[in-house]
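A quick write-up on the structure given underneath.
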Amino acid sequence: MKLNRGDIFCTRNPMMLGKAINFVQKIHSKDNESTYSHSGIIIMGGDTPISFEALWTNKRQDFLKAYKGKRVLIGRHKNMTLKTFNKGWNGIAKHEGKWYAGYRLPLFFVPFLAKYVNFGLGVCSELTMKFLFKAGLVSNWKGWCPDDVADMIHNYRSYEIIFEGVL
């Protein structure tokens, strides 16, 4: 499996927060399913892919080491190029090192609040979507949850599933 800059991923957080996120997502899900509770971006491909994601802070980490033995979904937008990646990365790099926007989580109980009440920072899936928005590949980034990102990878024609399963 070769990962590229700009690939996006979803995974499960088995802790209480991840279970709570999946519970709320399932309530609002159109397909009544919610498998993934976290998402992020691959910012360096190759043998040791590096991800950028909103954890307790927005940070980089060794993707394979972090998710070995975990279920993941990895998708690639068909129009992702180095130029597109750079536009997206330049749009979110300023968030690196900032604290997780956990104050936004309760807004997802009422999805339109999550979409319209925002001060520039986002939860993990919004950071992923903000990257794609700044890259010019989607029309909005606010209010997206990990289940929405997974549904996009699974269902949008512009996405190719690179991998889904246990790493």
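A short reminder: the numbers here are calculations on the coordinates, not readings from a lab. These figures come from a predicted structure and were not determined experimentally. FYI the Cβ positions are ideal-geometry reconstructions off the backbone, even for glycines, and counts take in every protein chain you see.
What size of dipole, in debye to the nearest 20, comes out for the chain about its Cα centre when the only charges are +1 on Lys and Arg C-beta atoms and -1 on Asp and Glu C-beta atoms?
Around 340 debye, computed over the chain.
Looking at the chain, identify the longest residue range that excludes and avoids all GluC sites (Glu not before Pro) in DSSP loops having at most 15 other Cβ atoms within 10 Å.
97-167
With θ set to phi - 60° and the Karplus curve 6.51 cos²θ - 1.76 cosθ + 1.60, what are the ³J(HN,Hα) couplings of segment 147-163 in order, to the nearest whole Hz, using x for Gly and Pro?
Along segment 147-163, the couplings run 5, 5, 5, 4, 4, 4, 4, 5, 10, 7, 5, 7, 10, 10, 7, 7, 6 Hz.
To one decimal place, what Kirkwood hydrodynamic radius in Å is obtained for the chain from all pairs of distinct Cα atoms?
After inverting the mean inverse Cα-Cα distance, the result is 15.6 Å.
For segment 71-106, which trypsin sites (Lys or Arg not before Pro) are in a loop by DSSP, counting at most 13 other Cβ atoms within 10 Å?
Passing both the DSSP loop test and the Cβ count: Lys78.
Straight-line reach from Lys70: which lysines have Cα under 23 Å away, leaving out those fewer than 8 places along the same chain?
Output for Lys70: Lys2, Lys19, Lys26, Lys59.
Check which residues have an amide H placed less than 5 Å from Arg5's amide H, if you skip close sequence neighbours.
Distant-sequence amide H within range of Arg5: Gly45.
Just want to confirm a number: the relative contact order over the chain, from Cα pairs under 8 angstrom separated by 6+ residues, in percent.
It rounds to 29 percent for the chain.
Filter the chymotrypsin sites (Phe, Trp or Tyr not before Pro) in segment 32-97 to those in DSSP coil with at most 16 other Cβ atoms within 10 Å of their Cβ, and list the result.
Trp56
Enumerate the calculated ³J(HN,Hα) couplings along segment 102-115 in order (Karplus 6.51 cos²θ - 1.76 cosθ + 1.60, θ = phi - 60°), each rounded to whole Hz, writing x wherever the residue is Gly or Pro.
Computed from phi, the couplings for segment 102-115 are x, 4, 7, 4, x, 5, 6, 5, 10, x, 5, 5, 4, 6 Hz.
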